[in-house]
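Where a number appears in this text, it was derived from the coordinates with a stated rule and is not lab data. Since the structure is predicted, the reported quantities are computational estimates derived from the model, not experimental observations. Glycine gets a Cβ as well: all are built from the backbone with ideal geometry, and neighbour counts include every protein chain shown.
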Amino acid sequence: MEKIKVGVLGATGAVGQRFIQLLENHPWFEINFLLASEKSANKLYKDATNWKLNTPIPENIKNLMIYSNPLDAPKNTKIMFSGLDNSIALEIEQKFASMGKHIVSNSKNHRMFERVPLLIPEVNHEHIKLIYTQSEKGKIITNPNCSTTFFTLIAGVLNKKWPIESIFVVTIQAISGAGYPGLSSYDILDNVIPHIEGEEEKMETEPLKIMGKLKNNRIDYASIKISSSANRVAVIDGHLETLSIKFSSTPPSIDEVKTELNNFISPLYNLNLPSAHKNPIQVFEVNDRPQTRIDRDFLNGMGTSVGRIRKDSIFDIKMTVLGHNTIKGAAGGAILNAELLVKELNI
Ligand code: NAP
């Protein structure tokens with residue numbers, strides 16, 4: 001099978017670099033277009049990018065030219081993976097959609113649009129059908145904010161069996177979530193910053209769409225109360241989250257919650273998507289896991305880890321959740337969404 005040609009928008013950034021790394025040996029996708037700002041345009045990728053990952057820049061990407069004008073995209077590039085800065089993502093993504101290119105975006109701009117699926121496909125893969133309500137030939141799909149992803153995946157799995165009334169979540173987030181160069185070392189070393197611009201608002205709204213129900217071509221939002229607090233710490237990758245949940249009726253036992261999460265089988269598994277895992281959740285019994293450094297790479301960064309599942313004296317249960325913010329929480333999650341889109345549209 002000839003590989004599907006794809007582009008990476010925001011190719012020089014933290015998420016863009018992850019896209020390039022993760023797509024290097026992808027069985028379906030091959031990069032043939034890179035876009036970044038005018039500052040990087042007309043330069044070779046290796047010259048324009050301050051590469052920060054622990055594998056080398058792929059050979060076929062090093063000497064690709066970066067463009068800043070969407071009109072320079074080759075005709076045969078079918079899917080654009082977007083890690084664009086929020087300030088520009090709306091305009092550029094819409095331009096590509098009007099050119100007939102499908103957009104798989106990490107940026108916040110399109111997430112809450114009525115006709116745009118916001119996907120954690122292990123929880124709401126059926127929301128992909130919203131693409132048929134979009135008028136452009138190029139369809140737009142999105143993945144949530146990285147801090148939303150992990151606790152919503154866990155809550156979303158539990159909510160299907162035991163409807164949730166309210167959620168309280170506190171995040172301990174990595175600096176790669178702020179992009180590159182992000183925070184200065186003087187600000188973050190020996191420090192915890194108790195605020196991340198816009199993060200709490202996203203964590204309190206995006207899960208309601210994700211855990212909502214698709215009815216008559218629109219999403220009926222979940223009516224769960226969510227309170228969140230976001231903190232930035234001096235960790236490179238991996239968001240750790242403490243999650244408390246209150247259920248709408250009689251709560252499950254701790255053992256029932258553990259069994260449900262442990263036995264969770266991804267509904268994508270039978271679709272044979274290259275990035276899907278059969279058991280994307282691991283549950284720890286020991287008290288000191290998950291830990292960010294040790295567990296963020298579970299399933300090559302595509303898994304979600306849970307531990308310390310116990311009773312909560314105010315809510316019903318509480319636990320610690322961990323995931324890799326630039327892989328499952330950004331580029332890897334988007335690649336999985338793109339694979340689902342390819343299946344859906346038979347590209
Ligand atoms: P970043 O490191 O700052 O990268 C931003 C990218 O956007 C760079 O490639 C930059 O190119 C490009 N860009 C900026 N202005 C542009 C313009 N006018 N035209 C074209 N390209 C332009 O940011 P990031 O952390 O990768 O985040 C990218 C997006 O993903 C954001 O919307 C962010 O909220 C979202 N996100 C990030 C994470 C994460 O963990 N980092 C997780 C989930 C979602 P130049 O290098 O040429 O300036």
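Mind listing the phi-derived Karplus ³J(HN,Hα) values for the range 181-195, rounded to whole Hz, using 6.51, -1.76 and 1.60 with θ = phi - 60°, and x for any glycine or proline?
With the stated coefficients, the range 181-195 comes to x, x, 7, 6, 4, 4, 6, 9, 5, 6, 8, 10, 9, x, 7 Hz.
Using a 10 Å cut-off around each Cβ, can you sort H195, H324 from fewest to most neighbouring Cβ atoms?
H195, H324
So if we plug the beta-carbon distance of V192 and D288 into 1/(1 + (r/R0)^6) with R0 = 22 Å, what FRET efficiency do we get, rounded to 0.05? Please report the intermediate quantities before stating the final value.
On the way: r = 20 Å, r/R0 = 0.90.
After rounding to 0.05, the efficiency reads 0.65.
Please identify the GluC sites (Glu not before Pro) of the range 9-52 that satisfy two criteria: DSSP loop assignment and at most 13 other Cβ atoms within 10 Å. Which are they?
Sparse-neighbourhood loop GluC sites (Glu not before Pro): E38.
Test of understanding: what is the full-extension gain from E24 to E114, defined as 0.36 nm times their sequence separation minus their Cα-Cα distance?
Gain on extension, E24 to E114, equals 29.1 nm.
Can you order the peptides 248-256, 271-279 by their average number of other Cβ atoms within 10 Å per residue, highest first?
Order by mean packing, descending: 271-279, 248-256.
If you average the alpha carbon positions of the range 73-147 and of the range 264-279, how far apart do those two centres end up, in angstrom?
If you average the Cα positions of each part, the centres end up 22 Å apart.
Distance cut-off 30 Å, Cα to Cα: go down the list K75/K213; K43/K202; K129/K161 and report the pairs above it.
Working: K75/K213 36 Å; K43/K202 35 Å; K129/K161 23 Å.
In this structure, K75/K213; K43/K202 lie more than 30 Å apart at Cα.
Could you give the distance between the Cα centres of the range 172-230 and the range 7-35, to the whole Å?
24 Å
Quick one: if the Förster radius is 25 Å, what FRET efficiency do R218 and T250 give, using the C-beta to C-beta distance and rounding to 0.05?
Between R218 and T250 the formula returns 0.20.
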